[in-house]
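Before any comments, here is the structure.
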Amino acid sequence: MIVDLHCHSTASDGVLAPSVVVERAHGRGVRLLALTDHDTLDGLDEARASATALGMVLVNGIELSCLWNGATIHVLGYAFSSSAPALLRAIAELHEGRWRRAELIAERLAAKGMPGALEGARAVQQELGDSGNAPARPHFAEFLVRAGHVRDRAEAFRKWLGSGKLGDVKQHWPSLEQTVATLHEAGAWISLAHPWQYDFTRSKRRRLVADFVQTGGHALEVVNGMQPLEQVGGLAILAREFGLMASVGSDFHAPGDWSELGMYRALPEDLSPLWGRFDHECRVSAAS
């Protein structure tokens, strides 16, 4: 059975509506899917309806932003109660923080001679699907392309929006410990997202994993799309060392982008898959 435990829709920074993501995943052979939009549950109801019609198993999912040693880290939560008060409070605070971040990105771009970025990014976002969430950096990147400030989205991130650039606004996210505790209160299974994508040394990455385990994390995302095999191997070593389960996912955002739904490197056979802990007979529900 093909599983995909990491993908995004227009509820956050993806380009396809939740139902379309589910339909595309089904068409590619995925039978167990987790929609993991950034800091929101808004796409789950639509995704659930589509998955039920197609006979797929859909697991409640979310990718939460948090801070560890001053760096932004992402944590994936699965199979949780979407009505858990602690989770809803955390999401509401993240929602407000993302809007403040979007406003500050726009202010910084305007100061560099690129006005109207918030309105432009919001327009891009609304073309993809109506959402009350703040526009994310991919929406700003598309605005910069359309306004003629850059040639393509890659240049937008390289010059203005990528790590360490003007648009890389450091937000006051909750701590890693707080975020894991919130997911625990919601009854979630918890995985550290794409540990190799953070710009860390090997020793710092190992310290991150050690702290993640100390806070109560369950798994590492050992496989994220078509990342290099040596990265999969390095993360597999960490999963074995710390006795963690493994999660896998495409990290799909858009067709023709980083990876496709259900497409990722093979998980080393000796690792314990996190999805083995999910209840496959239960479709996701608003209070699963």
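Tabulated data
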{"read-out": "Residue match in segment 103-111 (condition: assigned by TED's automatic domain parsing to the domain that holds TRP196, farther than 20 Å from VAL248 by Cβ and assigned to a helix (DSSP H, G or I))", "value": "no"}
{"read-out": "Residue list for segment 58-115, filter: closer than 28 Å to VAL223 by Cα and β-branched (Val, Ile, Thr)", "value": "VAL59, ILE62, THR72, ILE73, VAL75, ILE91"}
{"read-out": "Residue match in segment 116-131 (condition: in a loop (DSSP other than H, G, I, E, B) and at pLDDT 95 or above)", "value": "yes"}
{"read-out": "Residue list for segment 234-250, filter: out of contact with any Gly (no Cβ under 8 Å at 6 or more places or on another chain), among the small types (Gly, Ala, Ser) and under 27 Å from ARG31 (Cβ atoms)", "value": "ALA236, ALA239, ALA246, SER247"}
{"read-out": "Qualifying positions in segment 58-91 - modelled with pLDDT under 95, over 17 Å from the mean Cα position of the chain (by Cα) and not in a loop (DSSP other than H, G, I, E, B)", "value": "none"}
{"read-out": "Qualifying residue in segment 211-219 (condition: within 14 Å of HIS74 (Cβ to Cβ) and not aromatic (Phe, Trp, Tyr))", "value": "yes"}
{"read-out": "Strands (runs of 3 or more DSSP E) (entirely within segment 178-277) containing at least 3 residues that are among the aliphatic types (A, V, I, L, M) and touching a residue at least 24 places away in the same chain (Cβ under 8 Å)", "value": "219-224, 245-249"}
{"read-out": "Selected residue [closer than 24 Å to LEU16 by Cα and either in the same structural domain as GLY256 (by TED's automatic domain parsing) or touching a residue at least 60 places away in the same chain (Cβ under 8 Å) (or both)] from GLY120, GLY132", "value": "GLY132"}
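The values are calculated or read from the model by the stated rules, or taken from the named source; none is laboratory data. If you're wondering where the values come from, they're calculated on a predicted model, not measured in any experiment. With ideal geometry, Cβ positions are generated from the backbone for all residues, glycine too; neighbour counts draw on all protein chains shown.
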